[in-house]
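The structure under discussion appears below in the form of structure tokens.
The values are calculated or read from the model by the stated rules, or taken from the named source; none is laboratory data. None of the values given here were measured: they were computed from a predicted structure. Using ideal geometry, Cβ is built from the backbone for each residue, glycine included, and neighbour counts are taken over all protein chains shown.
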Amino acid sequence: MKNFTALFIKRPVLAFVVSAAILVIGLKAMGGLAVLEYPKTENATITISTTYPGADPNTMAGFVTTPIEHAVAQVNGIDYMTSTSQTSVSTITVNLVLNYNADKALTEIQAQIQSVLNQLPSGTQQPQLKLQIGQQLDAMYIGFKSDVLSPNQVTDYLTRVVQPELQSVQGVQVAEILGAQNFAMRIWLEPNKLAAYGLTASQVYTALSGNDFISALGNSKGTSTQTSLTASTSLHSAAEFRNLVLLQSGGAIVRLGDVAKVELGSATYDGQVAFDGKPGVYIGIQVAPGANLLTVVNAVTKKFPQIQSALPSGLVGAVVYNSAEFVNASIHDVIAALIEALLIVVVVVFAFLGTPRSVIIPIIAIPLSLIGTFAAMLMLGFTINLLTLLALVLAIGLVVDDAIIIVENVNRHLDMGEPKITAAINAAGELAAPIVAMTVVLAAVYVPIGFQSGLTGALFTEFAFTLVSAVTISAIVALTLSPMLSSRLLRHIGPDDHSLEARLSRFIDRRFEQVHRLYMRLLRGSLKTLPVTLTFGAIILVSIYFLAVGSKSELAPQDDQGVVILSSTSAPNATLDQKLLWDQELNKLMIAHKSVAHTFQFETTTFSIAGMVLKPWDQRKKSAQELQTEIQNEAAGGVAGQQIVAFQPPPLPGSQGLPVQFVLKTTESFAQLNTVAQKVLAAALKTGKFIFLQSDLKIDQPQATVKIDRAEAANLGLTMSQVGASLSQALGGNYVNYFSLDDRSYQVIPQVSQKYRLNVSQLLTYPITSIGGVPIPLGAIATIVPTVIPESVNHFQQLNAATIQGVAAPGVSTGEAVSVLQQASKKILPADYDIDYGGAMRQFVLQQGGFLGTFGVAVIVIFLALAALFNSFRDPLIILVSVPMSIAGALIFIYLGFGLSLNIYTEVGLVTLMGLISKHGILIVEVANEGQVNGMTKREAIEHAVGIRLRPILMTTAAMVLGVVPLIIATGAGAAARYNMGMVIATGLAIGTLFTLFVLPAVYLVIGQQHTAETT
């Protein structure tokens, strides 16, 4: 290796060419890297929505949801499947295994659904499939509101004009309209008029079906000409529908307008979307898989002013939510941390060496290594994202180590009186093997992370191999450019040199010499009491278990993403009008906060969601967490009639919903399941660990059963299908067919007018049939029986399920929440019940314990690599003694709190510590072994080694610890993740280095191998 480094010292142009090649290729690669929030992952969900108008939850579950579930369950690649059956709607959510081919799964699911369509009840609409990859929130939401135009007019304009414009933007997968109220021809039936004319809803339905027909006639074709043909068999306006003939008898004509109010209305009146408190419609922008999020959002943002300028008078549009703002802010902050870390490291190097000449070499080596890393990232197919940028921040502390130890060692040789070239050759030759060893060790540390399965592996593979690339390129620079620059730039400062540089250098040397003497005195004292030192090391080793077990654990720290979401639960019989009144009260509470930029609200038949989009991080004083707590407390006392919970989007991709989702599943009835679920819920709430917790199984939905006298119906010549169809066609709100309006098709929906269905008793007056022109009301053959049913029938993995969901109290980690719920269920659940998890809690449970195996593999790989490099099985053990020292140092702070927890970031930080701290041991053991070969005793050799290596060890430690300070003091977007990783590395490395400097020499004396010239 000495000859290798000498080659570049003697041939400086070669060293320059190698470095220039790294620089040019890296700069070129930098421009070709895509920019994303996280590494590319396919967290795909496929939602199957099926509508059967008017059907109750039990009917939906038994006749719609279950057949589809059973068929879909046969598809490969499913992680877990959930379903919710509510009145008229079945929703099945298929969560795919991470990074499974979503298109393949979608194709298989479509095929399975087709196979069971014939099993679904007549009147069931075609199941609608929606594939969503990545974050469950859209990348961007654009809100439109108007005081002049009705919601269906706004929807129609957006559908015809705005949606096509946005979907034409490169990289936009879907521009979905949310809160749409599409035009529909509403036929509001009046039962009293139907009865007066001897008609029923079924006859109206049949007349609409038979007389609004879209014909396709083809064309006439002569010998030389042809003509396209059509026929006026369809209807196009409300006036034409009113004139539709329903009945003709004795010269009298009954038209549709005689028995119904006909108007151009909306397809549904069961939901509403609000934008800043006013009714509106949203367009959500979904970015195509593989597309650059920032590029797509920027393209939409540039196009939006054109769209705004073309909006009709009275229609206003604005960007309500833009996820790119969080990504941009996070990336900006990480880049700022990168620059700050670079400056800090330069100052640290100068503080330890004291000469500008010494600082120049790391200043060149650090950016060169980082820029070269971009080339490796491009070759590996990586992207610029929050994790790869975080890796580059950490890489500063890693790559500077190589440059520091080269510079420090060359200075040491110069102080010994050697000429520049000779000093550089000897110094680089001594460190070539340790540099290679340290590079191999760091690579060995990160490789197991790169091959880890699950979410951790998917997210941190790019992080791990980016760091491996950085330290590899750093090693190349350290073995080629740094020695060459040292031989040209560094000089010996003699006693007669009174320049400012010389005086500063001697001042620093004197201060360090004081530190050196103090350390050597303490070290010799500790080596005289070996049992005490070794016992201390053993205590540290054992403490790791207790510190780890006692620390809080979670998947990832909650980051301030600039949005707070609120989910509302209303009384099961609350109407949309009542919910909108509550929404107004909630909006007043939200908009009153100065940190809020926009508010949004979604009211549908299946959920009630609201949210606060916050101002940029530098324009507000309160964090999202503070606002979440405040709005939670305000909503609890300020909106009577609703249960409201505030939460933030999950910190990592791949989950949705509330952070706590604990599933109880069984084959028993929902009544029995509800009893058990309420007991578990009560036990969990009693602990005080949750600020909000509820079960999604609620058996409180009022329902009226129309109990039909079959004998009486038979006497009237009625079958159950006739009775059921008549009621369904009167009340269900299903569409009959389509009509054309301005070259677009819209639904035709007959339904009894609301004033005739204000209460259940009015149903008994509906005409079911007529005999001799005399109408027969429903009351003649039926009575109304009130019952109570579940609001929704929920399945998890095809089993009856109740999900206990909510938000943990402030300071309660995910691990604590899981433990509380597990303990409660263990005491309460009968034998035929089981538990499972959903959302972010499922991610946590699946990843829990995964890093333990990674730690084990990393230690084994490091040991084997060191054994091969040192040709010894003892030396690796000595070097690895420093690992538990650093791990314990970091765990102390995690255990004590300090805003830390055991999470995906701190665990990666702990693995990083293994490589960082091992470098100290490599430097010490390498010199100690050489000392023994040169005739020193083991004691003399280890004291000599730590004396020589103390300065570079302290320098590299200070550079790394202070280099992550920008991460520790970070604020704003993504600060929580950076703080957790930075704090672990800083505390672990600082404390671990302190312990290592005393424990490692003691262990070397006990188990260190004897090295002589013969053994080497």
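Could you please give the count of residues in the range 714-753 that are farther than 25 Å from I214 by Cβ, touching a strand residue (DSSP E or B) at 6+ places or on another chain (Cβ under 8 Å) and not aliphatic (A, V, I, L, M)?
Residues meeting the conditions: 4.
Let's see how each residue does on (1) touching a Ser or Thr at 6+ places or on another chain (Cβ under 8 Å); (2) modelled with pLDDT of 90 or more:
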| position | (1), (2) |
| --- | --- |
| A571 | no, no |
| L576 | no, no |
| M590 | yes, yes |
| H598 | no, no |
| E603 | no, no |
| T606 | yes, no |
| P616 | no, no |
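Can you tell me which residue is surrounded by the fewest Cβ atoms within 10 Å (Cβ to Cβ) among those in the range 916-946 that are in contact with a helix residue (DSSP H, G or I) (Cβ under 9 Å, 6 or more places away or on another chain) and of a type in the set (G, A, S)?
Of everything passing the filter in the range 916-946, G931 is surrounded by the fewest Cβ atoms within 10 Å (Cβ to Cβ).
Listed residues I904, I862, I892, I879; which is surrounded by fewer than 20 Cβ atoms within 10 Å (Cβ to Cβ) and either of a type in the set (K, R) or touching a residue at least 12 places away in the same chain (Cβ under 8 Å) (or both)?
Of the residues listed, the single one that is surrounded by fewer than 20 Cβ atoms within 10 Å (Cβ to Cβ) and either of a type in the set (K, R) or touching a residue at least 12 places away in the same chain (Cβ under 8 Å) (or both) is I892.
Output yes when any residue across the range 804-812 is closer than 28 Å to V64 by Cβ and either out of contact with any strand residue (DSSP E or B) (no Cβ under 6 Å at 6 or more places or on another chain) or surrounded by fewer than 22 Cβ atoms within 10 Å (Cβ to Cβ) (or both), and no when none is.
No.
Go through (1) free of Cβ contacts under 8 Å to residues at least 60 places away in the same chain; (2) within 25 Å of the chain's Cα centre (by Cα) one by one and return the number of the condition G856 breaks.
Here G856 clears every test but (2).
Which one of the conditions (1) of a type outside the set (G, A, S); (2) modelled with pLDDT under 90; (3) over 41 Å from the mean Cα position of the chain (by Cα) does Q701 fail to meet, given that it meets all the rest?
The one condition Q701 does not meet is (3).
Hand me the list of strands (runs of 3 or more DSSP E) wholly inside the range 187-276 holding 1 or more residues that are buried (at least 16 other Cβ atoms within 10 Å of the Cβ) and either of a type in the set (V, I, T) or without any contact (Cβ under 8 Å) to a residue 24 or more places away in the chain (or both).
Numbers: elements: 218-221, 226-229, 245-249, 252-255, 260-266, 272-275.
So the answer is 252-255, 260-266, 272-275.
Could you tell me whether the range 735-749 includes any residue that is touching a Lys or Arg at 6+ places or on another chain (Cβ under 6 Å) and among the β-branched types (V, I, T)? Reasoning before the result, please.
To start, the set of residues in the range 735-749 that are touching a Lys or Arg at 6+ places or on another chain (Cβ under 6 Å) comprises 749.
Narrowing further to those that are among the β-branched types (V, I, T): 749.
Yes, the range 735-749 contains at least one residue that is touching a Lys or Arg at 6+ places or on another chain (Cβ under 6 Å) and among the β-branched types (V, I, T).
Since A802 meets every condition but one in (1) of a type in the set (G, A, S); (2) in contact (Cβ under 8 Å) with a residue 60 or more places away in the chain; (3) under 30 Å from S202 (Cα atoms), which condition does it not meet?
Every condition holds for A802 apart from (3).
Given (1) among the polar types (S, T, N, Q); (2) surrounded by 22 or more Cβ atoms within 10 Å (Cβ to Cβ); (3) modelled with pLDDT under 90; (4) not in a loop (DSSP other than H, G, I, E, B), where does Q628 come up short, assuming only one miss?
All conditions pass for Q628, except number (3).
Would a scan of the range 581-592 turn up a residue that is surrounded by fewer than 15 Cβ atoms within 10 Å (Cβ to Cβ), in a helix (DSSP H, G or I), among the charged types (D, E, K, R) and touching an Asp or Glu at 6+ places or on another chain (Cβ under 8 Å)?
No, the range 581-592 has no match at all.
State which residue pairs qualify: first residue over 14 Å from I565 (Cβ atoms) and inside the range 625-636, second residue modelled with pLDDT of 90 or more and in a helix (DSSP H, G or I) in any location, beta carbons under 7 Å apart, and separation of 6 or more residues or different chains.
That search, which allows pairs on different chains as well, returns E634/L589.
So for the range 704-711 (the condition being under 25 Å from V785 (Cβ atoms), without any contact (Cβ under 8 Å) to a residue 60 or more places away in the chain and either surrounded by 15 or more Cβ atoms within 10 Å (Cβ to Cβ) or not assigned by TED's automatic domain parsing to the domain that holds L627 (or both)), does at least one residue qualify?
First pass over the range 704-711, keeping only residues under 25 Å from V785 (Cβ atoms): 704-711.
Retained after the next criterion (residues that are without any contact (Cβ under 8 Å) to a residue 60 or more places away in the chain): 710-711.
From what is left, the residues that are either surrounded by 15 or more Cβ atoms within 10 Å (Cβ to Cβ) or not assigned by TED's automatic domain parsing to the domain that holds L627 (or both) are 710-711.
Within the range 704-711, one or more residues are under 25 Å from V785 (Cβ atoms), without any contact (Cβ under 8 Å) to a residue 60 or more places away in the chain and either surrounded by 15 or more Cβ atoms within 10 Å (Cβ to Cβ) or not assigned by TED's automatic domain parsing to the domain that holds L627 (or both).
Test E37 against the criterion of being out of contact with any His (no Cβ under 9 Å at 6 or more places or on another chain), among the acidic types (D, E) and modelled with pLDDT under 90, and give yes or no. Write out each step before concluding.
Working: out of contact with any His (no Cβ under 9 Å at 6 or more places or on another chain): yes; among the acidic types (D, E): yes; modelled with pLDDT under 90: yes.
Yes: the conditions hold for E37.
Of the conditions (1) in contact with a Leu (Cβ under 6 Å, 6 or more places away or on another chain); (2) surrounded by fewer than 20 Cβ atoms within 10 Å (Cβ to Cβ), K28 satisfies every one except a single condition; which number is it?
(1)
Scan (1) under 43 Å from the mean Cα position of the chain (by Cα); (2) at pLDDT 85 or above for the single condition V911 breaks and write down its number.
Of the numbered conditions (1) under 43 Å from the mean Cα position of the chain (by Cα); (2) at pLDDT 85 or above, the odd one out for V911 is (2).
Across the range 937-982, which residue is nearest to E513 (Cα to Cα) among those that are assigned to a helix (DSSP H, G or I) and in contact with a Ser or Thr (Cβ under 8 Å, 6 or more places away or on another chain)?
Ranking the candidates gives L954 first.
Residues are listed down the side, and each one gets a yes or a no for (1) over 30 Å from S232 (Cα atoms); (2) at pLDDT 90 or above; (3) assigned to a loop (DSSP other than H, G, I, E, B); (4) acidic (D, E):
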| residue | (1), (2), (3), (4) |
| --- | --- |
| A713 | yes, no, no, no |
| S726 | no, no, no, no |
| A730 | no, no, no, no |
| Y746 | no, yes, no, no |
| L758 | yes, no, yes, no |
| I776 | yes, no, no, no |
| H795 | yes, yes, no, no |
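Considering every residue within the range 778-795, establish whether at least one is free of Cβ contacts under 8 Å to residues at least 60 places away in the same chain and buried (at least 18 other Cβ atoms within 10 Å of the Cβ).
no
Of the numbered conditions (1) touching a helix residue (DSSP H, G or I) at 6+ places or on another chain (Cβ under 9 Å); (2) part of a loop (DSSP other than H, G, I, E, B), Q125 satisfies every one except a single condition; which is it?
(1)
Out of the residues in the range 941-963 that are among the charged types (D, E, K, R) and modelled with pLDDT under 85, which is nearest to V400 (Cα to Cα)?
Step one: filter the range 941-963 for residues among the charged types (D, E, K, R), giving 943, 949, 951.
Then drop every residue that is not modelled with pLDDT under 85, which leaves 949, 951.
Working: R949: 16, R951: 14 Å.
Looking at the filtered set, the residue picked out is R951.
What's the number of the condition L900 fails, among (1) at pLDDT 85 or above; (2) assigned to a helix (DSSP H, G or I); (3) not charged (D, E, K, R)?
Going through the list (1) at pLDDT 85 or above; (2) assigned to a helix (DSSP H, G or I); (3) not charged (D, E, K, R), L900 breaks only (2).
Looking at E430, E418, E462, which one is outside any helix (DSSP H, G or I) and of a type in the set (D, E, K, R)?
Only one candidate qualifies: E418.
Quick grid of which residues meet (1) at pLDDT below 85; (2) in the same structural domain as S469 (by TED's automatic domain parsing); (3) crowded, with 18+ Cβ neighbours inside 10 Å; (4) in contact with a helix residue (DSSP H, G or I) (Cβ under 7 Å, 6 or more places away or on another chain):
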{"site": "F304", "(1), (2), (3), (4)": "no, no, yes, no"}
{"site": "S309", "(1), (2), (3), (4)": "no, no, no, no"}
{"site": "E325", "(1), (2), (3), (4)": "yes, no, yes, no"}
{"site": "A329", "(1), (2), (3), (4)": "yes, no, yes, yes"}
{"site": "A337", "(1), (2), (3), (4)": "yes, no, yes, yes"}
{"site": "V348", "(1), (2), (3), (4)": "yes, no, yes, yes"}
{"site": "P362", "(1), (2), (3), (4)": "yes, yes, yes, yes"}
{"site": "L370", "(1), (2), (3), (4)": "no, yes, yes, yes"}
{"site": "F374", "(1), (2), (3), (4)": "no, yes, yes, yes"}
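Sort out which residues of the range 231-245 are under 19 Å from D743 (Cα atoms) and under 53 Å from the mean Cα position of the chain (by Cα), and write them in order of number.
Residues satisfying the conditions are T233, S234, L235, H236, S237, A238, A239, E240, F241.
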